[in-house]
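Bear in mind that the values in this text are calculations on the coordinates, not laboratory data. Since the model is a prediction, treat every value here as computed from it, not as a measurement. In this analysis, Cβ positions are derived from the backbone assuming ideal geometry, glycine residues included, and neighbour counts consider all displayed protein chains.
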Amino acid sequence: MSKVRVHNFFVSLDGYSAGETITLDEPIGKAARLFSKYDGRVIHGVDAVDEPITLDRALTSMWGQGIGVEIMGRGKFGPQTGAWGDDEWRGWWGDAPPFRTPVVVLTHHPRDPIHFDNGTSFHFLDAGPEDALAHARSLADGGDVRLGGGPSVVRQFLKADLVDFMHLVTVPVVLGVGGSLWDDELTEIQDRFTVESATSPSGLTHHFWNRTARSRRPGAHGQRPGTA
């Protein structure tokens, strides 16, 4: 069966991976410092970068390998909440979103799918982790499922024990407030994974979490992650 993967998930030293409030001017709230060393060109592969391939670029370029679909929360798609308006918002990425696969956007509010010429399509779904994953796999053409965030989405999939691999990147900054990846229900989450780490000369520490064999896969907790 296809794997559920998290890639390039940047986390501060105190566990935050997003700001408290998303706006048009601040897509990740007050957490922009997390991405000061992130080279977004790696989403197209290291071959798209003319400069020397660094450890950070090599590791973050795994983002798209073998991926057939992404699941994201509504906050990653846009700053709006509530019912969809008539502003024709099509995401942060203009006419060529970088995903090039179907993307499932978790939201309580229905909306027709949006399709782009480069293969990206957004599908809006009101569902908990188990049902969202089943729907994503139906769109993935056999590829793996990437959880794109935000932190509440990843956290709920972890609680449902649906995550097979995580690439977390610890950034040497302290944010103090924001959207946290962790909570009290995940205090022993590391016991489910084998974890390896590598620190780059840039100061970023890359952590690779691989799920150990499951004796059983519990059902979803009935929560609907990242929806608004």
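A few points about this structure:
- Amide hydrogen proximity for Gly179: with H placed 1.01 Å from N in the peptide plane, the residues at 5 or more positions away or on another chain lying under 5 Å are Ser17, Ala18, Gly19, Glu20.
- Net charge, Val6 excluded, C-beta distance under 10 Å - Lys, Arg +1, Asp, Glu -1: +1
- Gap separating the Cα centres of segment 77-91 and segment 1-30, nearest whole Å: 19 Å
- Phi-based couplings in Hz for segment 184-195 (Karplus 6.51, -1.76, 1.60; Gly and Pro marked x): 5, 7, 10, 5, 10, 4, 5, 5, 8, 10, 9, 10
- Karplus-derived 3J(HN,Hα) values for segment 65-80, using 6.51 cos²θ - 1.76 cosθ + 1.60 with θ = phi - 60°, are 5, x, 7, x, 6, 10, 10, 9, x, 4, x, 6, 6, x, x, 6 Hz; glycine and proline are entered as x.
- Under Karplus coefficients 6.51, -1.76 and 1.60, residue-wise ³J(HN,Hα) of segment 95-101 in Hz, glycine/proline x: 8, 9, x, x, 6, 6, 9
- In this simple spin-label approximation, Thr187 and Arg111 carry label points 7 Å from Cα along the Cα→Cβ vector, and these lie 3.8 nm apart.
- Considering helices alone, the calculated mean residue ellipticity of the chain at 222 nm is -3500 deg cm²/dmol, with DSSP H runs of length four and up weighted by -39500 (n - 2.57) and normalised per residue.
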